[in-house]
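*Asks:* Please see the structure below; I have some questions.
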Protein chains: 2
Amino acid sequence: MTTPNPTASDIGPTDARQTDTTIRLGVLGCGHVGGALIRLVDAHAGVIAQRTGVQLVVTRVGVRDTSRDRDVPVAASVFTDDAASVVDSDDVDLVVELIGGTDPAQSLVVAALDAHKPVVTANKELIAHAGVELFDRAAASGVDFLFEASVGGGIPLIRPLRESVAGDRIRRVLGIVNGTTNYILTRMSESGAGFDEALAEAQALGYAEADPTADIEGFDAAAKAAIVASIAFGALVTLGDVHREGITDITIDDIDAARKLGYVVKLLAIADEQGDDVAVRVHPAMVPDDHPLAAVRESFNAVFIEGDAVGELMLYGRGAGGGPTASAVLGDIVDAARNLAGGHPGAAMGTLASRRIRPIGDVESQFYVPMEVIDRPGVLAAIAGVFGRHGVSIKLMQQHGLGDEAQLNLVTHPAAESDFTATLDELRGHEAVKSVGRMLRVIGDDT
Amino acid sequence: MTTPNPTASDIGPTDARQTDTTIRLGVLGCGHVGGALIRLVDAHAGVIAQRTGVQLVVTRVGVRDTSRDRDVPVAASVFTDDAASVVDSDDVDLVVELIGGTDPAQSLVVAALDAHKPVVTANKELIAHAGVELFDRAAASGVDFLFEASVGGGIPLIRPLRESVAGDRIRRVLGIVNGTTNYILTRMSESGAGFDEALAEAQALGYAEADPTADIEGFDAAAKAAIVASIAFGALVTLGDVHREGITDITIDDIDAARKLGYVVKLLAIADEQGDDVAVRVHPAMVPDDHPLAAVRESFNAVFIEGDAVGELMLYGRGAGGGPTASAVLGDIVDAARNLAGGHPGAAMGTLASRRIRPIGDVESQFYVPMEVIDRPGVLAAIAGVFGRHGVSIKLMQQHGLGDEAQLNLVTHPAAESDFTATLDELRGHEAVKSVGRMLRVIGDDT
């Protein structure tokens, strides 16, 4: 960090430019996001200096292959294949980690924080795995460790959540945090494509990877759910705490049945307080079609927050892509650079409390389930009786067809998941029930 | 501001509580928002202190009538009917202005800023009228002047816009920023109520005032549009710069015609860059029904932002009400209190440039207009020719009915408003045109 020495000629009318502090950025990784970031810094450094008095300049870029031609506005001499040297360099004040994954990202971030250099990252795995250790190291060094881009790409989410938490009590967060699965479910809903066809389309468009496992099995969303739950509830939540189900077994029939009841199917990351516990899970869910999340289409992301004071809040935007992600990274860089230039300590995360994570069997939800039943007098009463014996109350019961084709669709009031699955187990052996279909959790006003 | 002197017994294991700085709040106004704020501060001061090291306490509350019983957790001695004494008090470090309007709010805010006391306000009229003067005074005093709650109630909007602007180029902002009119239009769309009936319903529910003029004529939205445009484009925009039309002449027929074309009607605040100009206006507009703003129902607000890097972003929530507004005010208070406690200068707004405001006649939009026409060969060609002569290109033409009942619905490509109105003027005198209906601007991908 360099502050120009004021000279006699500087003592004159106020001009923010004269007191500019230069903050030198070391960027680890130069893929889509890194490249977009370096271009953004180049394009906007002048405006940022004018507005904040901080002049940003990229002085080191760590890449795997320095011989590759990259379309970014920095000199070739700025590139190095020695990532550790970027962190250590005397020419780097602030480290931007855009490598992804935990190794070597974690050790590089630790080295930077221990050297009192603020770190900005977009790395969800790193935060979901090692967030607490990194928050503690940042606090000990008194520097910023910011990760706005790790969830929801360009959507301002982490900072509003942190700020809201300070003056409000968050009750529940519902997020569409994976663009690939939202694209697939949107195509299935709107064009009637099957899962495989919609996945192939997403791959052709570059919305899904050749190996789509991390997206379609919900791993990506689960890492983001852990981060969101940590921030919203000030609780220690890691990836292993998140119950996870993907969308691979969602069929057109599920989507059609949901539509008939006034719902759309979305893959949701859900975090809420239930009693004294925090419950965190990722699974497909039925969302009422007049709920704002139902209108989040294609590869867009959105996070819906319910707080005591603020009421309902939704933040919507591009959850991935070089430009949006780089824009969130740059917002964090400006924040951290201002603190560094002003000699202010970084924004500490505060203590994350160790709270009980409620096991999925005890989590309360509303449930939908379709069944094929024998159509004769007394059957509905018998089925309702099974639900009642397990303490599960029925909210809505809808019968289609007659005789051998009779189908029954049910939606429950909030119930513990283990009570609902015990109900289904008993129904599977019931003489009036021919088959029990796929259950889906249902988003209601409270659960 | 009081920082406890450390004593020998304080020198021990780190405990953030021991270094708490108390920031004393003087609150002007104790209505819905003021009362909710005082309750929020009381409920959350402990958590805020734990997370930020700043202890908030309300030491003065200025009200018109000190004899009125108010359900807030402060001693009766805290109330005074002398607002100026709240600002001047040695027991007040930070002033929260919740009176509304410009007089006496403006002079009180000026006095506070000149006394180097940060100010937090929810007052949209004040910012839209006198924002620049107040920004300058705050910068000169080196203290925060924050107004997150002035637009969109509890929705985090001003801060994300300011932060996005620093690292991105905003192209357009579209906002549903008035809950009353959105409620009325939602009821008209969904229950088929007429304007008067929907307004009466809004009044019965407390969503509209007895005198609803400020809402239904678009004055409230125009003040917010001026604020949003100022922040998004770093430009000097005041209320007088905003072209304004309300919703009083919107009929069920307009809404039905829009629906048939795949649109919903919303009152929008729109700010965009057109050439080197900034264009700012409030008027009813047709929004495509798969646009996220179309799903913003009832009294909710939302602001949709289009930026070069971030792409599309929408921030949605409760635009009014004590709780949501107080929650945004408290977020600002925490920010300003931390800066004050840390001895850091307030966040300066940066310079607002004086940019040309494009007159409404030159503003480019897409337009919809219905017409009754004579149904005979050649009429469509003749009408299309009139549009063509004025340089207005037709995007969509839809004919309903035959003979004397023939109705023609048209949507144009982007065109300057004066060219479109000149087209309509010529069509009104055209022998094949029986009548020209109400035009509505149409939200497209770019205009």
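*Asks:* For segment A:136-186, give me the residue count where each residue is of a type in the set (Lys, Arg) and more than 11 Å from chain B (Cβ to nearest Cβ).
*Replies:* Residues flagged as of a type in the set (Lys, Arg) and more than 11 Å from chain B (Cβ to nearest Cβ) within segment A:136-186 amount to 3.
*Asks:* Applying the selection to segment B:322-337, what residues are more than 7 Å from every other protein chain (Cβ to nearest Cβ) and more than 20 Å from A:ILE155 (Cβ to Cβ)? Don't jump to the end; show me each part of the working.
*Replies:* The initial filter retains those residues of segment B:322-337 that are more than 7 Å from every other protein chain (Cβ to nearest Cβ), namely B:322, B:325, B:328-329, B:332-333, B:335-337.
Scanning segment B:322-337 gives B:GLY322, B:THR325, B:VAL329, B:ASP332, B:ILE333, B:ASP335, B:ALA336, B:ALA337.
*Asks:* Just to be sure before I move on: is A:GLY262 in contact (Cβ under 8 Å) with a residue 40 or more places away in the chain and on the phi > 0 side of the Ramachandran plot in the structure I sent? Spell out the reasoning first.
*Replies:* Working: in contact (Cβ under 8 Å) with a residue 40 or more places away in the chain: no; on the phi > 0 side of the Ramachandran plot: yes.
So A:GLY262 fails the test.
*Asks:* When segment A:73-129 is examined, which residues are found to be touching a Leu at 6+ places or on another chain (Cβ under 9 Å) and more than 21 Å from A:VAL143 (Cβ to Cβ)?
*Replies:* Selection gives A:GLY100, A:GLY101, A:GLU125, A:ALA128.
*Asks:* Still on this structure: Scan segment B:148-164 and report the pairs whose first residue is under 10 Å from B:ALA320 (Cβ atoms) and free of Cβ contacts under 8 Å to residues at least 12 places away in the same chain and whose second residue is assigned to a helix (DSSP H, G or I) and among the aromatic types (Phe, Trp, Tyr), with Cβ atoms within less than 8 Å and a gap of 6+ or a chain change.
*Replies:* Sorted first by the residue in segment B:148-164, then by its partner, the list stays empty.
*Asks:* Which residues, taken from segment A:101-159, are within 18 Å of the chain's Cα centre (by Cα), of a type in the set (D, E, K, R) and within 20 Å of A:ASN339 (Cβ to Cβ)?
*Replies:* A:GLU148, A:ARG159
*Asks:* Out of (1) farther than 29 Å from B:ASP272 by Cβ; (2) more than 14 Å from every other protein chain (Cβ to nearest Cβ); (3) surrounded by fewer than 20 Cβ atoms within 10 Å (Cβ to Cβ), the odd one out for B:ILE383 is which?
*Replies:* Just one mismatch for B:ILE383, condition (3).
*Asks:* Continuing with this model, one more query. Given (1) within 14 Å of another protein chain (Cβ to nearest Cβ); (2) farther than 23 Å from B:LEU313 by Cβ; (3) touching a residue at least 12 places away in the same chain (Cβ under 8 Å), where does B:GLY192 come up short, assuming only one miss?
*Replies:* Here B:GLY192 clears every test but (1).
*Asks:* Separate question: If B:ASP308 meets every condition in (1) without any contact (Cβ under 8 Å) to a residue 40 or more places away in the chain; (2) acidic (Asp, Glu); (3) facing another protein chain (nearest Cβ under 8 Å) apart from one, which number is that one?
*Replies:* (1)
*Asks:* Would you point out the residue of segment A:265-305, among those that are of a type in the set (D, E, K, R) and either within 21 Å of A:GLU417 (Cβ to Cβ) or in contact (Cβ under 8 Å) with a residue 40 or more places away in the chain (or both), that is farthest from the other protein chains (Cβ to nearest Cβ)?
*Replies:* A:ARG281
*Asks:* Can you pull out the residues in segment B:176-200 that are surrounded by 21 or more Cβ atoms within 10 Å (Cβ to Cβ) and under 14 Å from B:ASP249 (Cβ atoms)?
*Replies:* Answer for segment B:176-200, where residues must be surrounded by 21 or more Cβ atoms within 10 Å (Cβ to Cβ) and under 14 Å from B:ASP249 (Cβ atoms): B:THR181, B:ILE184, B:LEU185, B:MET188, B:ALA198, B:LEU199.
*Asks:* Go through B:ASP215, B:ASP241 for me and flag whichever is away from every other protein chain (no Cβ under 14 Å), in contact with a Ser or Thr (Cβ under 8 Å, 6 or more places away or on another chain), under 25 Å from B:VAL280 (Cβ atoms) and acidic (Asp, Glu).
*Replies:* Testing whether each residue is away from every other protein chain (no Cβ under 14 Å), in contact with a Ser or Thr (Cβ under 8 Å, 6 or more places away or on another chain), under 25 Å from B:VAL280 (Cβ atoms) and acidic (Asp, Glu) leaves just B:ASP215.
*Asks:* Suppose we filter segment A:208-236 for residues that are in contact (Cβ under 8 Å) with a residue 60 or more places away in the chain and under 16 Å from A:GLY175 (Cα atoms); how many remain?
*Replies:* Of segment A:208-236, the ones in contact (Cβ under 8 Å) with a residue 60 or more places away in the chain are A:218, A:220-224, A:226-228, A:230-236.
From what's left, under 16 Å from A:GLY175 (Cα atoms): A:218, A:220-224, A:226-228, A:230-233.
Counting residues in segment A:208-236 that are in contact (Cβ under 8 Å) with a residue 60 or more places away in the chain and under 16 Å from A:GLY175 (Cα atoms) gives 13.
*Asks:* Please find, among B:ARG318, B:ARG358, the residue that is among the basic types (Lys, Arg), within 14 Å of another protein chain (Cβ to nearest Cβ) and either closer than 30 Å to B:GLN55 by Cα or surrounded by 17 or more Cβ atoms within 10 Å (Cβ to Cβ) (or both).
*Replies:* The match here is B:ARG318.
*Asks:* Of the numbered conditions (1) exposed (fewer than 14 other Cβ atoms within 10 Å of the Cβ); (2) modelled with pLDDT under 90, B:GLN18 satisfies every one except a single condition; which is it?
*Replies:* All conditions pass for B:GLN18, except number (1).
*Asks:* Against the definition (within 22 Å of the chain's Cα centre (by Cα), farther than 21 Å from A:ARG438 by Cβ and acidic (Asp, Glu)), how does A:ASP272 come out, yes or no?
*Replies:* yes
Okay, residues lined up against (1) farther than 20 Å from A:ALA381 by Cα; (2) surrounded by fewer than 17 Cβ atoms within 10 Å (Cβ to Cβ); (3) out of contact with any Lys or Arg (no Cβ under 7 Å at 6 or more places or on another chain); (4) free of Cβ contacts under 8 Å to residues at least 40 places away in the same chain:
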{"residue": "A:GLN399", "(1), (2), (3), (4)": "no, yes, yes, yes"}
{"residue": "A:GLN407", "(1), (2), (3), (4)": "no, no, yes, yes"}
{"residue": "A:ALA416", "(1), (2), (3), (4)": "yes, no, yes, no"}
{"residue": "A:GLU426", "(1), (2), (3), (4)": "no, yes, yes, no"}
{"residue": "A:VAL433", "(1), (2), (3), (4)": "no, no, yes, no"}
{"residue": "A:GLY437", "(1), (2), (3), (4)": "no, no, yes, no"}
{"residue": "A:ILE443", "(1), (2), (3), (4)": "yes, no, yes, no"}
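The values are calculated or read from the model by the stated rules, or taken from the named source; none is laboratory data. The model shown is predicted, which means the values in this text are computed figures rather than measured ones. Cβ atoms come from the backbone with ideal geometry, glycine included; neighbour counts cover every protein chain shown.
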